[in-house]
Amino acid sequence: MIREVFAVPLVVKNNMQAANTLNTLNKNEKDRAKSLAQVSSGMKITSAGDDPSGMSISERMRVQIRALDQDNQNTQNGNSMMKVAEGAVASTVEILRTLKEKCINAANDTNTDDDRATIQKEMDAMVDQINDNANIQYNGKILMSGTYNNQVSVEHGTQSTWANQSFAEGTNPTGTALSDYKDRNGNSLGILASDWLTVSYVKDGKTYEKTFRVGSFDLAACFNNAAGGTGKFVPDPGTRDLEAYVGTAPNALAKVGIDQYGHDVMTADGKDALTIRAAAGGTDGQIGGVTFCLTDSRGNIKKAQNNMFDKFQMTVRAQDPTPDNAMVFQIGTRSNQAVKVGFTDMHAKALGMMGSDAKAIQVTTRARANAAVNVIENAIGMCLDQQTVLGAAQARLQFTSANIITASENTQYAESTIRDADMAKAMTDYTKSNILTQTAQAMLAQANQSSSGVLSLLQ
């Protein structure tokens, strides 16, 4: 008897449980890797693929933040430069205060010529210190030497100019006789034709003085003529150092000079003023100070009248023509968002305290000392103007810095909401993904046990 033996096929089917578990394991592993990257980097967008538009917005914000931070650094550096310059100017002002005291002392006739010579030595030393202050440096830049001045576009430079608004409106320097001068209220000043007028001024460190009878002279004639029509108020009879200034119509008497840009300078209230100015422009032609002294025919000083003439205020400072070399501080994230600050020449010559021969103003006589008082007063005014400019620039930079810091903080906050990860959530997701990964690994081992049974049969 023949017995048939049939072979039973042994089929190893696809292990779909293991395949599904493996897919789940891979997905959990990707999630775990993503969560791990977020936890380790602190960002929820770690690549452009995570969020392309969010990544682009975030990067633009980061550029903005870095630019703002650099702007803030620029303002801080600029403010430091302002403080250095302001300190030098403040030192010069303090020196000028002391110099004024010395001049007032030298103008007193209780001093002998030897005393005045001693005072002059002190002044020479202090004027030299003014030049040292002007050469103060910041990062190798000499600040107050005029190198970084604002533009002076007038061809021959600006002319030192003084205006006096104490006299009656309509008082014309080229038409109104001194004996007809009135105060602002229309009251006569009591200047007589028999009075004597002494005009003194300082140019190039030297003092010039002229005394003549008032007569029928107007202010312009005072600068062009001496008593009796002989001589000039200048070292060179062929020229003049001072002139009466009258602006162009309309409101000619309210125009008190021409600024560094060539524009007319008006009085603050728009009313008439009596104006005088240096005949030449630039620091070589500048007049350091003009002093008037009226005396009667007996030699007595007419104090009330002199007080009126003492009210001449400098309205335009003498400057040489220069290109625009002012300091520019970049304080914005875009082109030309900047602050420009000019550093005026603070050398003794530019302040009218020293001549081109490097000699300081003289106080060796009472007349020279008296003229020097107004020179120093004008110099103090120049320094205070520059100090005001520097102080305003400091305040501007401080406000700018505060605004930049606020803008940077707000931009950082906005960028953080886009790109920075929620660490608690990221850690939770990582822990979850890690547990799921471990679970999937265990389940994969279970799913592979059927295949292991088949392998045992083949042994």
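The values are calculated or read from the model by the stated rules, or taken from the named source; none is laboratory data. No experiment lies behind these values; they were computed from the predicted model shown. Glycine gets a Cβ as well: all are built from the backbone with ideal geometry, and neighbour counts include every protein chain shown.
If you go through the range 194-236 and keep only what is in a loop (DSSP other than H, G, I, E, B), within 20 Å of Asn306 (Cα to Cα) and at pLDDT below 80, you end up with Ala226, Phe233.
Restricting to the range 26-73, what's the tally of residues that are assigned to a helix (DSSP H, G or I) and farther than 30 Å from Val328 by Cα? Result for the range 26-73: 23. Asn307 meets all of the listed conditions (1) crowded, with 19+ Cβ neighbours inside 10 Å; (2) modelled with pLDDT of 90 or more; (3) over 16 Å from the mean Cα position of the chain (by Cα) but one, namely (1).
When you look at Ala88, is it over 16 Å from Met346 (Cα atoms) and either of a type outside the set (Phe, Trp, Tyr) or at pLDDT 95 or above (or both), yes or no? No. Each residue in the range 247-268 was checked for being within 15 Å of Met314 (Cα to Cα) and in contact with a strand residue (DSSP E or B) (Cβ under 9 Å, 6 or more places away or on another chain), and 11 pass. Of all the numbered requirements in (1) more than 35 Å from the chain's Cα centre (by Cα); (2) part of a loop (DSSP other than H, G, I, E, B); (3) in the same structural domain as Ser356 (by TED's automatic domain parsing); (4) not small (Gly, Ala, Ser), Ile191 misses one, and that requirement is (3). Among the conditions (1) closer than 17 Å to Gly352 by Cα; (2) touching a Leu at 6+ places or on another chain (Cβ under 9 Å), Gln137 misses just one, which is (1). Checked across the range 349-369, the condition of being of a type in the set (Lys, Arg), farther than 10 Å from Val202 by Cβ and modelled with pLDDT of 90 or more holds for at least one residue.
Only one of the listed residues (Glu101, Glu86) is of a type in the set (Asp, Glu), assigned to a helix (DSSP H, G or I), in the same structural domain as Gln398 (by TED's automatic domain parsing) and surrounded by 14 or more Cβ atoms within 10 Å (Cβ to Cβ). That residue is Glu86.
Only one entry of Asp50, Asp132, Asp109, Asp115 meets the criterion of being free of Cβ contacts under 8 Å to residues at least 40 places away in the same chain, in contact with a Lys or Arg (Cβ under 8 Å, 6 or more places away or on another chain) and either at negative phi or assigned by TED's automatic domain parsing to the domain that holds Thr344 (or both), and that entry is Asp50. Of the residues making up the range 322-336, those that are in a loop (DSSP other than H, G, I, E, B), within 26 Å of Val152 (Cβ to Cβ) and out of contact with any Asp or Glu (no Cβ under 9 Å at 6 or more places or on another chain) are Pro323, Asp324, Asn325, Ala326, Asn336. Per the conditions (1) part of a helix (DSSP H, G or I); (2) touching a residue at least 12 places away in the same chain (Cβ under 8 Å); (3) of a type outside the set (Asp, Glu), the sole criterion not satisfied by Val363 is (1). When the range 40-54 is limited to residues that are charged (D, E, K, R) and surrounded by 16 or more Cβ atoms within 10 Å (Cβ to Cβ), the one that is farthest from Ala421 (Cα to Cα) turns out to be Asp51. Test Gly299 against the stated conditions and say whether it is among the small types (Gly, Ala, Ser) and outside any loop (DSSP other than H, G, I, E, B). Answer is no for this residue.
Among the residues of the range 21-38, those identified as crowded, with 17+ Cβ neighbours inside 10 Å and among the hydrophobic types (A, V, I, L, M, F, W, C) are Leu22, Leu25, Ala37.
Taking the listed residues Gln387, Gln398, Gln438, the one that is modelled with pLDDT under 90, of a type outside the set (D, E, K, R) and not assigned by TED's automatic domain parsing to the domain that holds Glu209 is Gln438, with no other qualifying.
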